[in-house]
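A quick write-up on the structure given underneath.
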Amino acid sequence: MTLFDLRLQEIHNKLRSKELSVSDLVDEAFGKINEREDRVKAYLTLDEEQARSTAKKLDDKLASNEPKGLLFGLPAGIKDNIVTEGLRTTCASQFLSNYNPIYDATVVTKLKQAESVTIGKLNMDEFAMGGSTENSSFYPTRNPWNLDYVPGGSSGGSAAAVAAGEAYFTLGSDTGGSIRQPASYCGVVGLKPTYGLVSRFGLVAFASSLDQIGPITKNVEDAAYVLQAIAGYDKMDSTSANIEIPDYISALTGDIRGLRIAVPKEYMGEGVDPAVKESVMASLRVLESLGAEWEEVSLPHTEYAVAAYYLLASSEASSNLARFDGVRYGVRADNPDNLLDLYHKSRSQGFGSEVKRRIMLGTYALSSGYYDAYYLKAQKVRTLIKRDFDEVFAKYDIIVGPTAPTTAFRIGSQVDNPLTMYLNDILTIPVSLAGVPALSVPCGFAEGLPVGLQIIGKPFDESTILRVAHAFEANTEHHKQRPNL
Amino acid sequence: MTIHVKDVEHVAKLARLNLNAEEEQMFTEQLNAILQYAEKLNELNTDDVEPTTHVLHLSNVMREDEVRDSLPIEKVLLNAPDEEDGQIKVPAVLE
């Protein structure tokens, strides 16, 4: 039992009763980092001096009667594609290895308002492209449950840091599964909100029609608190949804009687590991025992999602990453012959293989003569995938299935075949294309590695997802397991 | 549709990337494999299907045309690889 095994409310009670100080919490984070980080490698940059001085300021405030922020005193890690003023933000790319942002992302401003303490910036696949964190241009992150295995990705550092107790909570970003899949592999809770719920201002863009920021936490209740702190309309993000934000914490009633659950047969089919299916079936029995009903349904276009996603996401990426030209920021190549050569050399030296591969794919798919065949076709298939979800949600409250078809895989085992790697996201990608919210919650173990249950909701109905996940968690013990590090 | 090395060279030029011979070969093979997989989408008839560019039904999000302060120039230049007289410096565009 460590401090970070306490729930947010328990920590806040102990802070109020002076049993704990914010400095104790920051000590806890850096203690675990000193003990474990050389093996886990979750962070790219640590910000200890600032964290300790922020902790002191918050401890002073603790003595006063001033109102405290929602996430008061909690040590937080932030994925390294979310800009932090004055704190190096690299996207795990050599291109941005020297980049110090001059402003905060909206979510970072919101965390500051909620009075959490930023510990550092977390490792990821370069520019969020990958599912294993092996594409980081600095070093791979390791899975705290077994250091020979990947933590998943692209938010692998964010998931591993929470699992290893090196942060109380973290922020990740999800484009095709990059919060949910690493949360599943690392045995923690990861929530991808509805597209538009959380501002993307200050999130370095990968695929703008899909990217969303969300929390990774040890339990569902904490995820509700972090979401409460970061959700909301932002005029700086033109795709931000102007809706009223519900009270996510009061949604955690524990009551799921009469809930109608859909289980897509495509999510329980061939290619899904039998041990994963078994954990999901056992989870459905838990939900049933709590008064929910489930039925098998079909999302018939599931098998087309990965192909559509890679065309769309890569096309958007090829356009978004055009800004990295070595002119205004980032690493500029030495001795260019002229301006064009400066672009070419800086980009060729700055980007890693997977990033180049996706830029190439996207540029091809958008190039003259191929646009209709690839990009437009993929956008139309996206409509069919979205309709699948609309139809199921007309009759059911939530959709439940595995988060990933397998548990974590061995480091190095899939690096040679990009297509195999892409198929790890087969159960998270359709959700991203439909833009609906989904959460991964620990639901079992297979050969010592965690399995995640994916709970998918209607647009902007995070409350129901959190309520179901919270009720499930309260009746299971999986989330209480800790890796033996 | 198959991609040849010359297509990869063309796309690399559009994407402002220099690839060596080995990379050209690797990307030719990998892009062919990925695009072959993407051919799967042609199993679906999408003649009467509208494309989804975006899941939120937003269009033309406008703001008031008000004059605001820009980022201070000295901060903007903090990350510039090269600068002169408060401006970002690049090699000559015209010979």
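The values are calculated or read from the model by the stated rules, or taken from the named source; none is laboratory data. In this text the structure is predicted, and so the values were computed from the model without any measurement. Every residue, glycine among them, receives a Cβ derived from its backbone with ideal geometry; neighbour counts consider all protein chains shown. These accessible areas exclude ligands, DNA and RNA; they are computed on the full protein's heavy atoms, side chains included. Shrake-Rupley method; radii C 1.70, N 1.55, O 1.52, S 1.80 Å.
Some observations on this one:
- Search result, residues across region A:161-201 that are in contact with a helix residue (DSSP H, G or I) (Cβ under 6 Å, 6 or more places away or on another chain) and among the aromatic types (Phe, Trp, Tyr): A:Tyr168, A:Phe169, A:Phe201
- Region A:201-229 - residue that is of a type outside the set (Gly, Ala, Ser) and assigned to a strand (DSSP E or B) and, of those, nearest to A:Thr106 (Cα to Cα): A:Leu203
- Residue within region A:154-166 that is touching a strand residue (DSSP E or B) at 6+ places or on another chain (Cβ under 6 Å), closer than 24 Å to A:Lys235 by Cα and assigned to a loop (DSSP other than H, G, I, E, B) present: no
- For region A:288-297, a residue qualifies if it is touching a residue at least 40 places away in the same chain (Cβ under 8 Å) and assigned to a loop (DSSP other than H, G, I, E, B), and the qualifying residues are A:Leu290, A:Ala292.
- Selection from region A:355-388 of residues that are more than 7 Å from chain B (Cβ to nearest Cβ), open to solvent by 20 Å² or more (accessible area, probe 1.4 Å), part of a helix (DSSP H, G or I) and out of contact with any Phe, Trp or Tyr (no Cβ under 7 Å at 6 or more places or on another chain): A:Asp372, A:Ala373, A:Tyr375, A:Arg387
- Of all residues in region A:273-292 being touching a strand residue (DSSP E or B) at 6+ places or on another chain (Cβ under 8 Å) and under 17 Å from A:Gly258 (Cβ atoms), the one that is surrounded by the fewest Cβ atoms within 10 Å (Cβ to Cβ): A:Glu288
- Candidates in region B:17-53 are the residues that are under 29 Å from A:Gln349 (Cα atoms) and among the acidic types (Asp, Glu); of these, the one that is nearest to the other protein chains (Cβ to nearest Cβ) is B:Glu23.
- Filter result for A:Asn146 (more than 19 Å from A:Ala205 (Cβ to Cβ), within 14 Å of another protein chain (Cβ to nearest Cβ) and either surrounded by fewer than 21 Cβ atoms within 10 Å (Cβ to Cβ) or modelled with pLDDT under 95 (or both)): no
- Close pairs from region A:410-427: first closer than 21 Å to A:Glu447 by Cα, partner of a type in the set (Lys, Arg) and in a loop (DSSP other than H, G, I, E, B), Cβ under 9 Å, at least 6 apart: A:Ile411/A:Arg142
- Identity of the residue in region A:462-480, of a type in the set (D, E, K, R) and open to solvent by 40 Å² or more (accessible area, probe 1.4 Å), that ends up nearest to A:Tyr225 (Cα to Cα): A:Arg467
- Considering A:Thr253, A:Thr239, the condition of being closer than 30 Å to B:Val61 by Cβ, surrounded by fewer than 21 Cβ atoms within 10 Å (Cβ to Cβ), more than 15 Å from the chain's Cα centre (by Cα) and of a type outside the set (Asp, Glu) is satisfied by A:Thr239 alone.
- Figure legend. Inter-residue proximity from region A:1-24: first residues open to solvent by 30 Å² or more (accessible area, probe 1.4 Å), second residues among the β-branched types (Val, Ile, Thr), beta-carbon distance below 9 Å, spacing 6+ or different chains. Indicated pairs: A:Leu3/A:Ile11.
- Qualifying residue in region A:416-426 (condition: open to solvent by less than 10 Å² (accessible area, probe 1.4 Å), at pLDDT below 95 and either more than 22 Å from A:Val189 (Cβ to Cβ) or of a type in the set (Asp, Glu) (or both)): yes
- Matching entry among A:Ser413, A:Ser463 (being part of a loop (DSSP other than H, G, I, E, B) and away from chain B (no Cβ under 14 Å)): A:Ser413
- Of the residues making up region A:305-348, those that are in contact with a Ser or Thr (Cβ under 7 Å, 6 or more places away or on another chain), without any contact (Cβ under 8 Å) to a residue 24 or more places away in the chain and either open to solvent by 10 Å² or more (accessible area, probe 1.4 Å) or in a helix (DSSP H, G or I) (or both) number 2.
- Looking only at residues in region B:77-89 that are open to solvent by 50 Å² or more (accessible area, probe 1.4 Å) and at the interface with another protein chain (Cβ under 9 Å from one of its Cβ atoms), the one that is farthest from A:Met236 (Cα to Cα) is B:Asp82.
- The numbered conditions (1) farther than 23 Å from A:Lys345 by Cβ; (2) facing another protein chain (nearest Cβ under 7 Å); (3) surrounded by 10 or more Cβ atoms within 10 Å (Cβ to Cβ) are all true for B:Ile73 except (2).
- Single residue of A:Leu321, A:Leu342, A:Leu312, A:Leu299 found to be at pLDDT 95 or above and facing another protein chain (nearest Cβ under 8 Å): A:Leu342
- Only one entry of A:Ala394, A:Ala434, A:Ala408, A:Ala438 meets the criterion of being within 14 Å of A:Ile261 (Cβ to Cβ) and at pLDDT 95 or above, and that entry is A:Ala438.
- Residue in region A:350-361 that is farther than 27 Å from A:Gly330 by Cα, more than 21 Å from the chain's Cα centre (by Cα), modelled with pLDDT of 95 or more and charged (D, E, K, R) present: no
- If the condition is being of a type in the set (A, V, I, L, M, F, W, C) and in a helix (DSSP H, G or I), then region A:94-115 contributes A:Phe95, A:Leu96, A:Val107, A:Val108, A:Leu111, A:Ala114.
- Put simply, of A:Gly86, A:Gly31, A:Gly69 the only residue that is surrounded by fewer than 19 Cβ atoms within 10 Å (Cβ to Cβ) and under 30 Å from A:Asn320 (Cβ atoms) is A:Gly86.
- For region A:48-60, the condition of being touching a Lys or Arg at 6+ places or on another chain (Cβ under 8 Å) and either part of a loop (DSSP other than H, G, I, E, B) or closer than 27 Å to A:Ser155 by Cα (or both) holds for none of the residues.
- Residue within region B:54-67 that is more than 29 Å from A:Asp334 (Cβ to Cβ) and outside any loop (DSSP other than H, G, I, E, B) present: no
- Filtered by the rule that a residue be surrounded by fewer than 11 Cβ atoms within 10 Å (Cβ to Cβ) and assigned to a loop (DSSP other than H, G, I, E, B), region B:26-52 gives B:Asn45, B:Asp47, B:Asp48, B:Glu50.
- Among the residues of region A:474-485, the one identified as within 14 Å of A:Ser289 (Cβ to Cβ) and not in a loop (DSSP other than H, G, I, E, B) is A:Ala474.
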